[in-house]
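Following: one structure in structure tokens, then a few remarks.
The values are calculated or read from the model by the stated rules, or taken from the named source; none is laboratory data. These figures come from a predicted structure and were not determined experimentally. Cβ atoms come from the backbone with ideal geometry, glycine included; neighbour counts cover every protein chain shown.
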């Protein structure tokens, strides 16, 4: 009997049951859903007064409205947010506008809450060009008929009620690409920057030298004035065969920096890199050993690190790992399934926050049976 019990426990652990991880999923929540809109790419923060703020990209659902197609580039893609005052149980119905780019559609509002309550939000944009204008541009990142505008940064000091900016970051040194206006492409990223123990902001950004290869690499930039201006620090990961992008950063308890990077031409697996000298340099990138993208990491109150990520192969869904405080068990930590009922690969981009009561809210975008793309979340508790 004892042997049978042990075997059952091992099966549960291998299968990735949440309870085996010391986690219990309380429920799944819909944060925002409207069949007229294609909503995706959320980020979430909790302000000092307990209010939750969830930002996301919203564009017309052209398939629903006009029998068109679905695309991640849209001229009417805006940054919006909703709020919750009850720990994520209910959310405001009508989204507030964060920013509408005057030249094109915006993507992936990535928020971070600083120690003084300031909220930083990064994004990037795409301009829809006529054929004649597109033909006149070279060295641009193109998703015809859209050309890349590069990154920008917004800042709020009043709980996301008003926003300063946009502040346009410097290009990454060595990046030879041009934006839709023919200028050097401003630095950009989809992923979480991090406020270091020294008070600086650390941001992992993507870069592409179109004269040498088409792969994007990832580099570190820092700011001492709350994201208004940026200084280049060092490369994080460069490879002739593997593409790195969509990177989230975290600083460990000891002070190391760890970058969790999405990859291409690497079987969709995690790549990560570590800095042990305060972000002056990074050690050679490592194979995370498991499939998923993109990634978001947060410190838990018990000292461990929660890593969440989308799972864009069958069964489509959201997965999670709990790492030790120094993130030295990335490849070996048990993987657990948060959801596996997604309709297809057009899901994911999770972003987590630990609430004041210790519970964890993981936001993401989702679809069921290829239906309306919406912003959802899973509420978890540690066991």
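Within segment 26-72, the set of residues being in contact with a helix residue (DSSP H, G or I) (Cβ under 9 Å, 6 or more places away or on another chain) and at pLDDT below 95 comprises 68, 69, 70, 71.
Taking segment 240-264 only, how many residues are touching a strand residue (DSSP E or B) at 6+ places or on another chain (Cβ under 7 Å) and part of a loop (DSSP other than H, G, I, E, B)? Reasoning before the result, please.
Looking only at segment 240-264, we keep the residues that are touching a strand residue (DSSP E or B) at 6+ places or on another chain (Cβ under 7 Å), and these are 242-252, 256-264.
Retained after the next criterion (residues that are part of a loop (DSSP other than H, G, I, E, B)): 242, 252, 256.
The number of residues fulfilling the criteria is 3.
Beta carbons closer than 7 Å, at least 6 apart along the sequence or on distinct chains, pair a first residue in segment 80-108 that is farther than 20 Å from residue 159 by Cβ with a second that is part of a strand (DSSP E or B) and at pLDDT below 95 for 104/128.
Taken over segment 347-371, the residue count meeting the criterion of being surrounded by 18 or more Cβ atoms within 10 Å (Cβ to Cβ) and not in a strand (DSSP E or B) is 2.
Against the list (1) on the phi < 0 side of the Ramachandran plot; (2) at pLDDT 95 or above; (3) within 21 Å of the chain's Cα centre (by Cα), the condition residue 215 fails is (2). Just one of the listed residues (109, 60, 102, 95) is over 30 Å from residue 358 (Cα atoms) and in contact with a strand residue (DSSP E or B) (Cβ under 7 Å, 6 or more places away or on another chain), namely 60. Scanning segment 142-161 for residues that are surrounded by fewer than 21 Cβ atoms within 10 Å (Cβ to Cβ) and within 17 Å of residue 188 (Cα to Cα) yields 142, 143, 155.
Looking at the structure I just gave you, is residue 125 within 22 Å of the chain's Cα centre (by Cα) and either part of a loop (DSSP other than H, G, I, E, B) or on the phi > 0 side of the Ramachandran plot (or both)?
Criteria not met by residue 125.
Among the numbered conditions (1) free of Cβ contacts under 8 Å to residues at least 60 places away in the same chain; (2) surrounded by fewer than 23 Cβ atoms within 10 Å (Cβ to Cβ), the only one that residue 302 does not meet is (1).
With the structure loaded, tell me whether residue 229 is assigned to a strand (DSSP E or B) and within 28 Å of residue 119 (Cβ to Cβ) or whether it fails that test.
Values: assigned to a strand (DSSP E or B): no; within 28 Å of residue 119 (Cβ to Cβ): yes.
So residue 229 fails the test.
Among the residues of segment 305-331, those identified as surrounded by fewer than 17 Cβ atoms within 10 Å (Cβ to Cβ) and without any contact (Cβ under 8 Å) to a residue 40 or more places away in the chain are 314, 315, 324, 328, 329. Looking at segment 171-183, which of its residues are surrounded by 15 or more Cβ atoms within 10 Å (Cβ to Cβ), under 11 Å from residue 207 (Cβ atoms) and within 24 Å of the chain's Cα centre (by Cα)? Selection gives 171, 172, 175, 177.
Scanning segment 46-69 for residues being surrounded by 16 or more Cβ atoms within 10 Å (Cβ to Cβ) and part of a loop (DSSP other than H, G, I, E, B) gives a total of 1.
Residues being assigned to a strand (DSSP E or B), on the phi < 0 side of the Ramachandran plot and free of Cβ contacts under 8 Å to residues at least 60 places away in the same chain: count how many of those fall in segment 265-291. Talk me through it step by step, then tell me what you get.
At the first step, the residues of segment 265-291 found to be assigned to a strand (DSSP E or B) are 269-275, 286-291.
After this cut, where a residue has to be on the phi < 0 side of the Ramachandran plot as well, the list is 269-275, 286-288, 290-291.
Within this subset, residues satisfying the condition of being free of Cβ contacts under 8 Å to residues at least 60 places away in the same chain are 269, 271-275, 286-288, 290-291.
Residues that pass the stated criteria total 11.
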